[in-house]
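Comments concern the structure below.
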Amino acid sequence: MLLLINSHPGRQHELLQQIDMQIGEALAALDEARKKAADSKVAADLESPVE
């Protein structure tokens with residue numbers, strides 16, 4: 001990553017902002033996927049008969 005940033009003098013700040021935004025979006029997507037998986041597990045657990 002540093003090689004990419006350093007190979008574009010004068011645009012480091014812009015590139016870092018774009019990378020930061022993409023990382024934030026990726027983390028949000030992962031959090032949403034985890035939440036959906038947890039919700040699905042809870043729903044499946046609630047549907048399972050109690051022994």
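Do any trypsin sites (Lys or Arg not before Pro) in the chain lie in a DSSP loop with no more than 16 other beta carbon atoms within 10 Å, and if so, which?
Within the chain, the qualifying trypsin sites (Lys or Arg not before Pro) (loop, at most 16 other Cβ atoms within 10 Å) are ARG11.
How large is ³J(HN,Hα), in whole Hz, for each residue of the range 15-29 in order, when computed from phi with the Karplus curve 6.51 cos²θ - 1.76 cosθ + 1.60 and θ = phi - 60°, using x for Gly and Pro?
Per-residue couplings from phi come out as 5, 5, 5, 5, 5, 4, 5, 5, 5, x, 5, 5, 5, 4, 5 Hz.
Nothing charged except the Cβ atoms of Lys and Arg (+1) and of Asp and Glu (-1): what's the magnitude of the dipole of the chain about its Cα centre? Round to the nearest 20 debye.
Computed charge dipole of the chain: roughly 260 debye.
If you take the Cα Rg of the chain and divide it by 2.2 N^0.38 Å, with N the number of residues, what do you get?
It is 2.05.
Over the chain, average the accessible area per residue using a 1.4 Å probe and give it in Å², no decimals.
92 Å²
Can you sort ILE19, ILE5 by 1.4 Å-probe accessible area, starting with the largest?
The ordering from most to least exposed comes out as ILE19, ILE5.
The values are calculated or read from the model by the stated rules, or taken from the named source; none is laboratory data. The structure displayed is predicted, hence computed values, not measured ones. With ideal geometry, Cβ positions are generated from the backbone for all residues, glycine too; neighbour counts draw on all protein chains shown. The accessibility values were calculated without ligands, DNA or RNA, using every heavy atom of the protein model including side chains. Shrake-Rupley method; radii C 1.70, N 1.55, O 1.52, S 1.80 Å.
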